[in-house]
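Asker: Structure incoming, see below.
Here, each number is a calculation from the coordinates, and none is a lab measurement. Note that the coordinates shown come from a computational prediction; the quantities given were computed from them, not determined experimentally. Cβ sites come from the backbone with ideal geometry, for glycine too, and all protein chains shown count toward neighbours.
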Amino acid sequence: MVERHTEYPSLQEAQISSRMADESTFIAVKPDGVQRGLVGEIIKRFEQKGFKLVAMKFVQASEELLKEHYTDLKALPFYPGLVKYMNSGPVVAMVWEGLNVVKTGRVMLGETNPANSKPGTIRGDFCIEVGRNIIHGSDSVDSAKREIGLWFKPEEVVSYKSCAQSWIYE
Ligand code: IDP
Ligand code: MG
């Protein structure tokens, strides 16, 4: 009889873990998403997809943090308005983990401008204007690392094994 219940991960489990490579993305429900009661809907979509929540906080972000978060856009005309918008109320900052979560997360968000976002995407379903597009998602693995480091202390990102892992990854 093959004993499967060892305390060590099976080969299959080890392969799943290495393929997932613990890719993480930074997702934030923006102040308009919070005020419009869309926090649960947005979390639901990432949960239902199969991604794993590893950090979350409800926070009024400082102007300083938001300026740093959007530093790449500081030369653009909408930057001051963007910082003001993001500072206008609390946000829900999260880290989600999973295979290709950065790229897939961006697909789930839709395009930057909701007018170009397809129905079925978060921006396509719930908003109209680019300056009120309800959600942020990292655009690359490197920016995800930078953003997670900006918004979370290392100990606030929790490492755990999801019981659904082998039902989500083959
Ligand atoms: P992204 O959020 O899809 O990554 P970025 O180009 O990184 O898009 O822009 C960051 C945020 O700045 C957007 O989500 C949106 O809130 C805002 N933004 C982008 N372009 C414009 C614009 O033309 N007018 C007003 N706000 C904009
Ligand atoms: Mg961006």
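Asker: Show me the ranking of peptides 68-78, 129-139, 94-104 by mean Cβ neighbours inside 10 Å, starting with the highest. Provide the component values of the computation, followed by the final result.
Answerer: On the way: 68-78: 12.4, 129-139: 19.1, 94-104: 21.3.
Most protected by this proxy first, the peptides run 94-104, 129-139, 68-78.
Asker: If N is the number of residues in the stretch 66-119, what value comes out of its Cα radius of gyration divided by 2.2 N^0.38 Å? Each step should come with its number before you reach the end.
Answerer: Working: Rg = 13.5 Å, N = 54, 2.2 N^0.38 = 10.0 Å.
Computed over Cα atoms of the stretch 66-119, the ratio equals 1.35.
Asker: Which far-off residues, 5 or more places away or on another chain, put their amide H under 5 Å from the one on residue 26, with H placed in the peptide plane?
Answerer: Sorted by chain and number, the residues that satisfy this are 138.
Asker: Would you list, by chain and number, the lysines whose Cα falls below 28 Å from the Cα of residue 44, excluding same-chain residues fewer than 8 positions away?
Answerer: Correct list for residue 44: 30, 52, 57, 84, 103, 118, 145, 153, 161.
Asker: State the three equivalent ellipsoid semi-axes of the stretch 45-170, derived from the C-alpha gyration tensor as the square roots of 5 times its eigenvalues, in descending order and whole Å. Walk me through the numbers before you get to the answer.
Answerer: Details: eigenvalues 129, 74, 30 Å².
Output for the stretch 45-170: semi-axes of 25, 19, 12 Å.
Asker: Taking amide H atoms as placed 1.01 Å from N in the peptide plane, list the residues 5 or more away in sequence, or in a different chain, whose amide H sits under 5 Å from that of residue 61.
Answerer: 91
Asker: How big is the gap, in Å, between the Cα center of the stretch 107-165 and the Cα center of the stretch 77-102?
Answerer: Answer, in whole Å: 8.
Asker: Can you work out ³J(HN,Hα) from phi for every residue in the stretch 90-100, in order, using Karplus 6.51 cos²θ - 1.76 cosθ + 1.60 and θ = phi - 60°, giving whole Hz and x for Gly and Pro?
Answerer: Computed from phi, the couplings for the stretch 90-100 are x, 10, 10, 9, 9, 10, 10, 10, x, 5, 6 Hz.
Asker: Can I ask one more? Placing one identical point scatterer on every Cα of the stretch 22-69 and ignoring solvent, what is log10 I(q)/I(0) from the Debye formula at q = 0.25, 0.27, 0.31, 0.32 Å⁻¹?
Answerer: The calculated log intensity ratios at q = 0.25, 0.27, 0.31, 0.32 Å⁻¹ are -1.09, -1.16, -1.26, -1.28.
Asker: Then there's this: What are the ³J(HN,Hα) couplings of the stretch 60-76, residue after residue, when phi is run through the Karplus curve with 6.51, -1.76, 1.60 and θ = phi - 60°? Round to Hz, x for glycine and proline.
Answerer: Taking θ as phi minus 60°, the curve returns 8, 6, 6, 4, 4, 4, 5, 4, 5, 4, 9, 4, 5, 9, 5, 7, 7 Hz for the stretch 60-76.
Asker: Sort 158-168, 33-43 by the packing proxy (mean of other Cβ within 10 Å over each peptide's residues), most packed first.
Answerer: So the order, starting with the most tightly packed, is 33-43, 158-168.
Asker: Moving on. Amide H of residue 152 versus every other amide H placed in the peptide plane: which residues, excluding those fewer than 5 positions away on the same chain, fall under 5 Å?
Answerer: For residue 152, no residues qualify.
Asker: A further question follows. Enumerate the calculated ³J(HN,Hα) couplings along the stretch 120-125 in order (Karplus 6.51 cos²θ - 1.76 cosθ + 1.60, θ = phi - 60°), each rounded to whole Hz, writing x wherever the residue is Gly or Pro.
Answerer: Each residue's phi maps through the Karplus curve to give x, 8, 5, 5, x, 8 Hz.
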